1. Using R₀ = 25 Å, calculate the FRET efficiency as 1/(1 + (r/R₀)^6) where r is the Cβ-Cβ separation of THR103 and THR161; round to 0.05.
2. Could you give the nm distance between label points at THR112 and ALA35, where each point is 7 Å from its Cα heading toward the beta carbon?
3. Based on the mean of other Cβ atoms within 10 Å per residue, sort peptides 94-101, 154-161 so the most packed one is first.
4. For the chain, what does the relative contact order come out to in percent, with C-alpha contacts under 8 Å and a separation of six or more?
5. Counting only heavy atoms of protein chains, what accessible area per residue, in Å², does the chain have with a probe of 1.4 Å?
6. Give the carbon-plus-sulfur fraction of the accessible surface of the range 39-156 in %, rounded to a whole number; probe 1.4 Å, heavy atoms of protein chains only.
7. Between THR34, THR73, THR167, where does the largest GNM mean-square fluctuation fall for the chain, given springs only between Cα atoms within less than 10 Å?
Amino acid sequence: SSVSPNSGSSLGGTAVTITGTNFATGATVTFGGTAATNVVVSNSTTITATTPAHAAGAVTVTVTVNSQSGSLTSGFTYVAPPTVTSVSPSSGTTAGGTAVTITGTNFATGATVTFGTTAATNVVVTSSTTITATTPAGSAGAVTVTVTNPGALSGSLTRFTYVAPPTVTSVSPSSGTALGGTAVTIT
């Protein structure tokens, strides 16, 4: 009669609870004709299972007990997770504030973006393949950029490198003629 949650990644691996009647030990479950894994019959009305991989779209969920089957048409919808293929520019200051364009696939309105574990700001999903955002502050080095769609489906790629900006600690001599031409050492 129901599957909860009723949607998940096309990569499979979604833990679901199937509700119905007359379930029995030894039951099998298929999603769009593909066998689920980790099938556990909790009682005569509840089964837990893990979804197999399947192409995006709605599928029929079928429970079979002793060669007798019951199905729920469009009982589960597979959704393609986002993928991240590039970030431009691919580096920026550790202070954050770098405007970036993230390209990939399957971006959805309301998606969030993180650089490492820190959320980006000004995230705008301009299309299913493009997101603009502003980097947060971060430590020097490469970080993973992750796009998470509503429903917790995410995709990531290590594609952004934080670079510490130069610092100036002293200028010697600290003054010179207004005409210029003073040789200085900057540290």
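1. Approximately 0.90, to the nearest 0.05.
2. Rounded to a tenth, the inter-label distance reads 3.8 nm.
3. Ranking, from highest mean packing down: 154-161, 94-101.
4. Averaging sequence separation for qualifying contacts and normalising by length gives 16 percent for the chain.
5. That works out to 52 Å² per residue.
6. 53 percent
7. Comparing THR34, THR73, THR167 in a Gaussian network model of the chain, the most mobile one is THR167.
The values are calculated or read from the model by the stated rules, or taken from the named source; none is laboratory data. Note that the structure is a prediction, hence the values are computed from the model and not measured. Neighbour counts are summed over all protein chains in view; Cβ atoms, including those assigned to glycine, are modelled from backbone coordinates with ideal geometry. Just the protein is used for accessible areas: all its heavy atoms, side chains included, with ligands, DNA and RNA removed. Shrake-Rupley method; radii C 1.70, N 1.55, O 1.52, S 1.80 Å.
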